[in-house]
């Protein structure tokens, strides 16, 4: 769920770029921003502000933005005061910010948002009014809290209450060969076709996150075991009124899709439908026995590798495993695991020790615990696993503290075979076909 919140937060932060005036050449603006991002950046995302504003119900016409009422209403419902004030600040129609493109990037000193100003004076006045902080000259930059202005650019240090003027001067003074434009993937971010497009280094992103060392090590081993030369990720986010779609793929060191080292198959939808009933969470994955055997062989010399231990437990699995679950009021589960029909005792015993009832039915292990209920129709939802190697669908009521106030119908995450690799596909839907998902995610 934390990854879903990160995506929602990114969508919200993207709108920070405001609604002042609009340039005609977004590619030029993207180039200007990419030139101020170091080539060593571990994460870069460029957002198409005009498109995002339109998907939020605003009108963008000849440099003017109107009909912002729905967006403002959604922002007013945000629970975190800091985020709400920042969005309100940048959404003011006289903010002085260009709503063409905005960039987010991470490097050794932190995570930043950078944008272009149509009117630096208006921008600084509004920042001072909303934050209570005054701009002061610092080494050639004008700084107020975690925001710096230099010429017609601004930088915001997103994970700090301050910003270093010397660091900003370094960004502003980069030559093209020292900027992200020299990164092989940089040219792909010059023209943003979706709402957001980006790139990141896998190892650096893991270090930026809050994963402990053991979790990072396990994830790294898993990637190296499953993919050939997995080094970076590329991603994009798009909005289509009531649907948000985010896609991410693994890239090798040459910028190509990292090849899978083991065969994968697709979820058998009919097997998922066998569970029946309703649930709050639905999980399915295709686990061909050749894949499990390959993992066991690859990890056999890694001295009790956790990945190897789990792989051996599932050595009898061969096909689709699917589970429907309820989180409230008590955790309950119902599912089916397709096996070879042989040597299932060790897996059955392990599942039984977790409190599950396990019954062998031909080549399937059927597991149950408690009564599973919810608003997700299992049979109908199963169709969404078509063409996926694995996936999960979550009832939208589980995404917030107050389910009654959530406007998200459901969120799904899937891994799908693509060009000899795998891509991650995340989707979120608004409760009503007439609702805008970007507003639902902000609230």
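Some values worked out for this structure:
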quantity	calculated
Sole exception among (1) in contact with a strand residue (DSSP E or B) (Cβ under 9 Å, 6 or more places away or on another chain); (2) surrounded by fewer than 21 Cβ atoms within 10 Å (Cβ to Cβ); (3) over 30 Å from residue 258 (Cβ atoms) for residue 438, by number	(2)
Residue match in the range 395-409 (condition: in a strand (DSSP E or B) and at pLDDT 95 or above)	no
Residue within the range 196-219 that is farther than 20 Å from residue 421 by Cβ, surrounded by 15 or more Cβ atoms within 10 Å (Cβ to Cβ), within 18 Å of the chain's Cα centre (by Cα) and modelled with pLDDT of 90 or more present	yes
Filter result (in contact (Cβ under 8 Å) with a residue 12 or more places away in the chain, over 25 Å from residue 244 (Cβ atoms) and in a helix (DSSP H, G or I)) within the range 175-206	176, 177, 178, 180, 181, 182, 186, 203, 204
Meets criteria (assigned by TED's automatic domain parsing to the domain that holds residue 290, surrounded by fewer than 21 Cβ atoms within 10 Å (Cβ to Cβ) and touching a helix residue (DSSP H, G or I) at 6+ places or on another chain (Cβ under 7 Å)) for residue 342	no
Only one of 379, 324 that is modelled with pLDDT of 95 or more, more than 16 Å from residue 265 (Cα to Cα) and not in a strand (DSSP E or B)	379
Condition check for residue 371: surrounded by fewer than 14 Cβ atoms within 10 Å (Cβ to Cβ), out of contact with any helix residue (DSSP H, G or I) (no Cβ under 6 Å at 6 or more places or on another chain) and either without any contact (Cβ under 8 Å) to a residue 24 or more places away in the chain or not in a loop (DSSP other than H, G, I, E, B) (or both)	no
So residue 432, is it part of a loop (DSSP other than H, G, I, E, B) and not assigned by TED's automatic domain parsing to the domain that holds residue 82	yes
Residues within the range 140-166 that are farther than 25 Å from residue 208 by Cβ and out of contact with any strand residue (DSSP E or B) (no Cβ under 6 Å at 6 or more places or on another chain), tallied	3
Entirely in the range 99-160, the strands (runs of 3 or more DSSP E) that have 1 or more residues that are within 31 Å of the chain's Cα centre (by Cα) and in the same structural domain as residue 194 (by TED's automatic domain parsing)	101-107, 110-116, 141-144, 147-150, 153-157
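The values are calculated or read from the model by the stated rules, or taken from the named source; none is laboratory data. If you're wondering where the values come from, they're calculated on a predicted model, not measured in any experiment. FYI the Cβ positions are ideal-geometry reconstructions off the backbone, even for glycines, and counts take in every protein chain you see.
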